[in-house]
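Following: one structure in structure tokens, then a few remarks.
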């Protein structure tokens, strides 16, 4: 191994990044009562995509959370895992407090919003005081005990998103990004003497793309 390889933490045997798209399509969660689970996830406002029944031995129900490219499957004859054994299933939101309010309004027994100051740190009541991305959470469970964790992400870590592939999963997510861009642009105008910026659409676009891709934000 060369000194360069030691410093970079790589070797000649390090696998190259994959070039074939492999999009996570669905995850299976184990439930004991299919109709009860179906009622619960419909109550969350998730989209019902399918409910296929084959005799008495097989059934698959598919729901998709709003704005998500990945769905959930549950039913009969899908998995041997014990009901309720799926834990810490992540849902990403751009506004943790709005997400909490919606869950409560839908009758979900969700936890209060909490945050952590870093990975592995103890939970602290309330949203992160600085609004730090990746740091604020909510938890809730379905009737079987399958556990969900909502995490607020407004800016991805560098390298997590292709800057040429900026997307927003819903109109609400886009609106939240526009509000953050508007607030940042207000500070930008203060720094430039308070003059009206006729090129604000370009500045907004640059800010929103950089924020999602985890790149340095425009000043």
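The values are calculated or read from the model by the stated rules, or taken from the named source; none is laboratory data. Since this is a predicted model, take the numbers as computed values, not measurements. Positions of Cβ are generated from backbone atoms using ideal geometry, with glycine treated the same way; all protein chains shown enter the neighbour counts.
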Among the residues of region 118-132, write down those that are touching a strand residue (DSSP E or B) at 6+ places or on another chain (Cβ under 7 Å) and part of a loop (DSSP other than H, G, I, E, B).
123, 126, 127, 128
Only one of 44, 24, 91, 48 is out of contact with any helix residue (DSSP H, G or I) (no Cβ under 7 Å at 6 or more places or on another chain) and exposed (fewer than 15 other Cβ atoms within 10 Å of the Cβ); which?
24
Counted residues in region 141-164 being modelled with pLDDT of 95 or more, surrounded by 16 or more Cβ atoms within 10 Å (Cβ to Cβ) and out of contact with any strand residue (DSSP E or B) (no Cβ under 8 Å at 6 or more places or on another chain) come to 1
Scanning region 188-219 for residues that are under 20 Å from residue 133 (Cβ atoms) and either in contact with a helix residue (DSSP H, G or I) (Cβ under 6 Å, 6 or more places away or on another chain) or loosely packed, with under 10 Cβ neighbours inside 10 Å (or both) gives 204, 207, 208, 216, 217, 218, 219
Residue satisfying condition, being over 20 Å from residue 158 (Cα atoms), modelled with pLDDT under 80 and out of contact with any strand residue (DSSP E or B) (no Cβ under 6 Å at 6 or more places or on another chain), within set 193, 214, 186, 172:
172
Whether any residue in region 46-58 is under 25 Å from residue 175 (Cβ atoms) and within 16 Å of the chain's Cα centre (by Cα) is what I want to check.
yes
Residues (more than 22 Å from residue 147 (Cβ to Cβ) and assigned to a strand (DSSP E or B)) located in region 49-63
49, 50, 51, 52, 53, 54, 58, 59
So residue 66 fits all but one of (1) part of a loop (DSSP other than H, G, I, E, B); (2) at pLDDT 95 or above; what number is the exception?
(2)
Tell me, yes or no, whether region 95-110 has at least one residue that is part of a loop (DSSP other than H, G, I, E, B), without any contact (Cβ under 8 Å) to a residue 60 or more places away in the chain and not assigned by TED's automatic domain parsing to the domain that holds residue 28.
yes
